[in-house]
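Scroll down for the structure; my scribbles are underneath it.
The values are calculated or read from the model by the stated rules, or taken from the named source; none is laboratory data. Model, not experiment: these values are computed from the prediction. Because the Cβ atoms are built from the backbone with ideal geometry, glycine has one as well, and the counts that use them run over all protein chains shown. Ligands, DNA and RNA are excluded from the accessible area calculation, which covers all protein heavy atoms including side chains. Shrake-Rupley method; radii C 1.70, N 1.55, O 1.52, S 1.80 Å.
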Amino acid sequence: MNNIWLKKRLLFLSGLTITLILLQLINSLFPMVLVQWGIEPRTSKGLIGILIAPFLHGSWSHLFSNLLPLLILSFLLMTQSLREYIQASFFIIIVSGLLVWIFGRQAIHVGASGWIFGLWALLIAHAFTRHKIIDILVALFVLFYYGSMAYGLIPGQIGVSTESHIAGVVAGLLYAWSARKIIRRKSRVIEVTKS
């Protein structure tokens, strides 16, 4: 783990933190100016929210409850590859957002929790799909420290978008499955070329 490797990841996470805090500051100074752009299921306006909603939060407490798990799970995923983290995050944000837009209840859904649950599910799934020691250790760490996140998948909590949590898990598992298929396909191509 060299200095450049660590510096890149810390800079990325610092940029993400600053972005989230600045957006929340704007939200606090001008109430609802940004939150209105969250995911509003089955509306054309709500489609824009698919990309924006994970970066918006309803309050400072909402932001700070999401910030630490987002940063920790993000760092764990980017330990192997920053590029994979960006691809996985983009996939999770789009797929979970679409699922919320299609199946979510009528409300404005905002917050990084769908993204967080997607990263959580992906890190656990990697232990089963990639069979590397590092992935198994990361999955055990995630289960030990963030195993209680599973309670967030139980519907009926007031003011909580359980739909985002479930959609995030589905998106994270889908990414793990599709990444495994791509790796298998590439290894078959390499075998064929060698023979």
Note on the range 67-114: residues among the polar types (S, T, N, Q), closer than 27 Å to residue 135 by Cβ and either out of contact with any Gly (no Cβ under 9 Å at 6 or more places or on another chain) or assigned to a loop (DSSP other than H, G, I, E, B) (or both) are 74, 79, 80, 81, 87
Check your understanding: Any chance the range 115-126 includes a residue that's touching a His at 6+ places or on another chain (Cβ under 9 Å) and either over 22 Å from residue 24 (Cα atoms) or of a type in the set (Phe, Trp, Tyr) (or both)?
Key -> yes
Subset of the range 26-43, residues open to solvent by 80 Å² or more (accessible area, probe 1.4 Å) and modelled with pLDDT of 95 or more, comes to 42
Note: among 83, 105, just one is more than 17 Å from residue 118 (Cα to Cα) and either under 16 Å from the mean Cα position of the chain (by Cα) or in contact (Cβ under 8 Å) with a residue 12 or more places away in the chain (or both), namely 105
For the range 129-144, the count of residues that are touching a residue at least 24 places away in the same chain (Cβ under 8 Å) and assigned to a helix (DSSP H, G or I) equals 5
Residue hits (the range 37-60; outside any loop (DSSP other than H, G, I, E, B) and within 18 Å of residue 114 (Cβ to Cβ)) are 37, 39, 46, 47, 48, 49, 50, 51, 52, 53, 54, 55
The residue that is least open to solvent (accessible area, probe 1.4 Å), considering only those in the range 2-25 that are in contact (Cβ under 8 Å) with a residue 24 or more places away in the chain and of a type in the set (Val, Ile, Thr), is 17
Flagged in the range 118-146 as more than 16 Å from the chain's Cα centre (by Cα) and small (Gly, Ala, Ser), in numbering order, are 127
Only unsatisfied item for residue 51, checking (1) open to solvent by 60 Å² or more (accessible area, probe 1.4 Å); (2) in contact with a Leu (Cβ under 7 Å, 6 or more places away or on another chain), is (2)
In the range 150-168, anything within 16 Å of residue 100 (Cα to Cα), in a helix (DSSP H, G or I) and not aliphatic (A, V, I, L, M) is listed as 152, 162, 163, 164, 165, 168
A careful count of residues in the range 112-134 that are open to solvent by less than 10 Å² (accessible area, probe 1.4 Å) and farther than 18 Å from residue 178 by Cα gives 3
